[in-house]
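To start, the structure under review is shown below, and the notes come after it.
The values are calculated or read from the model by the stated rules, or taken from the named source; none is laboratory data. These numbers come from a predicted model, not from an experiment. Just the protein is used for accessible areas: all its heavy atoms, side chains included, with ligands, DNA and RNA removed. Shrake-Rupley method; radii C 1.70, N 1.55, O 1.52, S 1.80 Å.
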Amino acid sequence: MSLIFIIADFISVFLAFLLAYFMRIHSGLFSHSPVSFSLYLNLTLLTTVLTLVVFLNAHHYQYRRGFFSPHEFFSLAQSYLLVFVIVMAITFL
């Protein structure tokens, strides 16, 4: 069952980044500096894989009985914040 969640998270994060790219570049809603698609795709792959690694290390793919709890929400928020900080650190190097 957790393999399904891992695949779903991979697809979700990847598609979210691609949607953000096309909204930024092609929608005309935002002013932007030219960013090559290949560079953005590399960053998307890095972020997607990093998200899965952080989620696996935080045990988000273990089955838990019960409903969604505040503890789980804050654990997910911490994981996303960690991914954000790592990606920001990598891009500034």
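If the segment from residue 35 to residue 2 were pulled out straight at 0.36 nm per residue, it would be longer than the present Cα-Cα gap by 8.4 nm. So, with a 1.4 angstrom probe, what is the percent of accessible area on the chain that is carbon and sulfur? For the chain, the apolar C and S fraction of the accessible surface comes to 74 percent.
Ordering 60, 26, 32 by how much accessible area each has at a 1.4 Å probe, largest first, what is the list? Spell out each step's value before the answer.
On the way: 60 30, 26 125, 32 85 Å².
My answer, sorted largest first, is 26, 32, 60.
The value of relative contact order for the chain, using C-alpha pairs under 8 Å at least six residues apart, is 33 percent. The residues of the chain expose on average 75 square angstrom of accessible surface per residue, using a 1.4 Å probe on protein heavy atoms.
Here the sum of -39500 (n - 2.57) over DSSP H runs of 4 or more residues, divided by the residues of the chain, equals -26000 deg cm²/dmol at 222 nm, to the nearest 500.
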